[in-house]
Amino acid sequence: MTTASSWQFVPSSLDNVEQIENYRTGGFHPVSIGDSFSRGRYRVIHKLGFGGFSTVWLARDGQSHRLVSLKIITAEASNTCDEMRILQYLKQSAICHPACDHILSVLDHFTIEGPNGFHTCLVSPFAGPSLAQITYTPGQPAGSRRLRGALARKFARQVTLTVGYLHSRGVAHGDLTSSNVLIQLAHVDSWSDQDVYERLGFPVTAKVRAWSGELNDKPCAPDYLVESANLSNLEYKWFTEKVLLVDFGQSFFLKTSSPNNVAITVSYFAPEVFFEEKASVWSDIWALGCTIFEIRAGFQLFESFFDDSDDVIRQIVETLGKLPEPWMGRPKNIGRTIFSCLKTIR
């Protein structure tokens, strides 16, 4: 964990950007607008998003001329991540099942070498905003931008169908959240670069600055950070009524042991993830329940602005009642103050 005293870079003035300190050996690969990958085939034209283990870019495929999503995984995660293997397995074992239309497909994959190591890159179809982006309304009452009932039910059914299919094939998603459910787009393959900028806005950037004053000795970082495009501002005529489950970076095979490092978003943690650090098919189902609630209500069932696990556990107990033993009998992964409060709840 990086402490303030060991920061290399001045914090960015942009809000919706990745953690800049993760541009280090084993971390993110530095990317700039206009960069090309895979012998010049994929040219970056905008930024789509980021996570703890990857950045995601909108790129133009020079062969097909279509827009694609280019996910560049951190060097460390590229060594341990099963995402590509699981997606290949799902494709190879695919049967005629409607859920297959809602699982991320990989069009191409390759490895690049950069200043921070070797990075796995995944190329997928360009998809729209996440359900979290669609319902996000800063400064407005929770649920003020929720989906209409019929559409919410349709999306919830598609997500449930897809998760059930994954489980039937022996795979747990591992990080099921509304941020990893994207709305599929229609009629975007004909967009020119100018169309992209007219509809998504031009990339907003901020120069990267080192505390030492110079970046010359820090090739691990890009010259500037790029803010993620706000896809939720797209006109609805570009949206379909189909969703796509993405980001299989935390996925695992159910026959194998639980992953060593559980990196699920705190608001979607099942109790056993808090107390036993154990992900399973059951924690997937818990996260599914949280996601379905959010799809319909327009806000999270258990919400923590600062990813405070104590706060989430308190909300779980207030909503569902006392935790079963032995979790209530011993504070393991929760603070002692909240543990004392939970002991008084009947």
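Pairs of alpha-carbon atoms within less than 8 angstrom and 6+ residues apart define the contacts here; what relative contact order does the range 4-303 have, in percent?
After rounding, I find 23 percent.
With the crude spin-label approximation of a point 7 Å out along Cα→Cβ, what separation in nm comes out for His167 versus Glu113?
4.5
Per-residue HN-Hα couplings for the range 33-42, Karplus 6.51 cos²θ - 1.76 cosθ + 1.60 at θ = phi - 60°, whole Hz, x for Gly and Pro?
Going residue by residue, I get 4, x, 4, 10, 9, 6, 6, x, 5, 10 Hz, with x marking Gly and Pro.
On a 27 Å Cα-Cα criterion, which of the cross-link pairs Lys154/Lys255; Lys91/Lys242; Lys47/Lys237; Lys154/Lys322; Lys47/Lys154 come out too long?
Listed pairs above 27 Å: Lys154/Lys255; Lys154/Lys322; Lys47/Lys154.
Could you pull out the longest piece of the chain with no exposed loop chymotrypsin sites (Phe, Trp or Tyr not before Pro) in it, calling a site exposed if DSSP puts it outside H, G, I, E, B and it has at most 14 other Cβ atoms within 10 Å?
Free of exposed loop sites, the longest segment is 8-210.
Run lengths n ≥ 4 of DSSP H only: what is the helix-derived mean residue ellipticity at 222 nm for the chain, with -39500 (n - 2.57) per run over all residues, to the nearest 500?
-7500 deg cm²/dmol
Whose amide H sits under 5 Å from the amide H of Val243, counting only residues 5 or more places off or on another chain, with H placed in the peptide plane?
Those qualifying (amide H under 5 Å, at least 5 residues apart or on another chain) are Gln184.
Report the label-to-label distance for Thr240 and Val10 in nanometres (one decimal), using points 7 Å from each Cα along the Cα→Cβ vector.
4.5
Any idea which of Ile134, Phe275, Ala156 is furthest toward the positive side of the dipole for the range 4-303, if Lys and Arg beta-carbons carry +1 and Asp and Glu beta-carbons -1?
Result: Ala156.
Compute, for the chain, the length of the dipole vector about the Cα centre, with Cβ point charges of +1 (Lys, Arg) and -1 (Asp, Glu) only. Units Debye, rounded to 20.
Computed about the Cα centre, the dipole is about 860 debye.
Search the structure for amide H atoms under 5 Å from the amide H of Val171, placed 1.01 Å from N in the peptide plane, and list their residues when 5 or more places away or on another chain.
Those qualifying (amide H under 5 Å, at least 5 residues apart or on another chain) are Leu254.
Go through the range 46-60 residue by residue and turn each phi into a ³J(HN,Hα) via Karplus (6.51, -1.76, 1.60, θ = phi - 60°); whole Hz please, and just put x for glycine and proline.
So the Karplus estimates, Gly and Pro as x, are 6, 10, 9, x, 6, x, x, 10, 6, 10, 10, 10, 8, 10, 9 Hz.
No lab work stands behind these numbers, since they all come straight from the coordinates. All figures in this text were calculated on a predicted structure; none of them were measured in a lab. Counting neighbours? That spans all protein chains shown, and the Cβs are built from the backbone with ideal geometry, glycine included.
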